[in-house]
Amino acid sequence: MTNQEEDKIRKAFASKDWNDIKASDSWQIFKIMSEFVEGFEKMSRIGPCVSIFGSARTKPSNIYYQLAEEIAYKLTKEGYGVISGGGPGIMEAANKGAKAGGGKSVGLNIVLPFEQTHNPYIDNDKIIHFDYFFVRKTIFLKYSQGFIAMPGGFGTLDELFEAITLIQTNKVAHFPIVLVGKKYWEGMMNWVKDTMLEEEHNISEKDLNLFNIVDTADEAVAIIVEFYSKYLLKPNF
């Protein structure tokens, strides 16, 4: 643990009087509100998009980077815009593919002390910076017509299971969720089925139908397109 991390812990447990708490929390509310307002105003004008998320650490030489780029490109050719987390890795690949396809390329960038600056493939008027993960995640969910999860780390799992949970609990409409890379997701999904479902009964069997697992760009895009074609809905740009 670094000295900076230790200082944060000490400050969290330091005694504060009511005026300090009230001032700090009140100003934080305004900052959170401003992020919601900016996100709602910008995203409401963009039109139907699909979110692609995955690791910030994936290199351009990686097959999953190339696959994310191909998926984004093909989605734009079907008329969808693409939303990414705005950073490097899979996020960069998604924006790069959208840009190459002539589609709308959106970046919801999170301000971090390491790892993430926004990538150069986002449309200049469609980059939004966030300090709060939960605000950013709300914007992801509210303005996406589908989710494509590429291999990633804890952040990817957080976004993936948030989306699944909201659909499972009927808090949002059932939109398509596609996991790309059977080899990558197979171990976790075996645990979900064998332990969560069959051993502990913590989910229902029908919950396994809330997502699809595929290997190719064509399969991923087809699931999004076919889902909305059933309702005679098409992107409006």
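Sequentially through region 41-56, phi angles give Karplus couplings (6.51, -1.76, 1.60; θ = phi - 60°) of 5, 6, 6, 5, 9, 8, x, x, 9, 10, 8, 10, 9, x, 5, 6 Hz, Gly and Pro residues having no value and appearing as x. For region 112-235, the Cα-based Rg and Dmax, in that order, read 16.0, 49 Å. For the chain, a simple Cβ point-charge model (Lys and Arg +1, Asp and Glu -1, everything else neutral) yields a dipole of about 720 debye relative to the Cα centre. Applying a DSSP loop filter and a limit of 14 other Cβ atoms within 10 Å to the trypsin sites (Lys or Arg not before Pro) in region 159-237 leaves 171, 230.
Within region 24-71, list the trypsin sites (Lys or Arg not before Pro) lying in a DSSP loop whose Cβ has at most 11 other Cβ atoms in a 10 Å radius.
45
For the chain, the alpha carbon positions stretch 58, 49, 37 Å along the principal axes, listed from largest to smallest. Please go through region 78-182 and write out the chymotrypsin sites (Phe, Trp or Tyr not before Pro) that DSSP classes as loop and that have at most 16 other C-beta atoms within 10 Å. Qualifying residues, ordered by number: 114, 132.
If a paramagnetic tag sat 7 Å from the Cα of residue 166 along the Cα-Cβ line, which residues of region 130-155 would have the backbone N under 18 Å from that point? Residues 130-150, 155 fall inside that zone. Which of the residue pairs 74/182; 96/230; 171/193; 42/230; 96/137; 74/193 have a Cα-Cα distance greater than 27 Å in the structure shown? Flagged as over cut-off: 96/230; 42/230; 74/193. Charged neighbours of residue 221, selected by a Cβ distance under 10 Å, balance to -3 (K, R count +1; D, E count -1). Once the chain from residue 36 to residue 191 is taken as fully extended at 0.36 nm per residue, the excess over their C-alpha distance is 52.2 nm. Site pair residue 123 and residue 229 shows an inter-label distance of 2.5 nm when each label is modelled 7 Å from Cα along Cα→Cβ.
Between the beta carbons of residue 183 and residue 78, assuming R0 = 30 Å, the FRET efficiency works out to 0.70 to the nearest 0.05. In plain terms, the chain is cut at each of the GluC sites (Glu not before Pro) found in a DSSP loop with at most 15 other Cβ atoms within 10 Å, and the longest leftover piece is 1-114. Computed extension length for residue 201-residue 174: 7.5 nm, one decimal, from 0.36 nm per residue of separation with the Cα-Cα distance subtracted. Near residue 178, the amide H atoms lying under 5 Å from its own belong to 147, 148, 149, 212; only residues 5 or more places off or on other chains count, and H is placed 1.01 Å from N. One equal scatterer on each Cα of region 138-182, no solvent, Debye formula: the resulting log10 I(q)/I(0) at q = 0.15, 0.24, 0.27, 0.34 Å⁻¹ is -0.34, -0.87, -1.07, -1.40.
For every helix of n ≥ 4 consecutive DSSP H residues, a contribution of -39,500 (n - 2.57) applies; sum these over the chain, divide by its total residues, and give [θ] at 222 nm rounded to the nearest 500 deg cm²/dmol. Show your work: numbers first, answer last.
Working: 8 runs with 111 residues, N = 237.
Result for the chain: -15000 deg cm²/dmol, rounded to the nearest 500.
What angle do you read, to the nearest 10 degrees and between 0 and 90, between the alpha-carbon axis of helix 63-77 and the longest principal axis of the chain? With rounding to tens, the tilt is 70 degrees.
Every number in this text was worked out from the coordinates using simple rules, so none of it is lab data. Small disclaimer: the values here were computed from a predicted structure and weren't measured. Quick reminder, even Gly has a Cβ in these numbers, built from the backbone with ideal geometry, and neighbours come from all protein chains shown.
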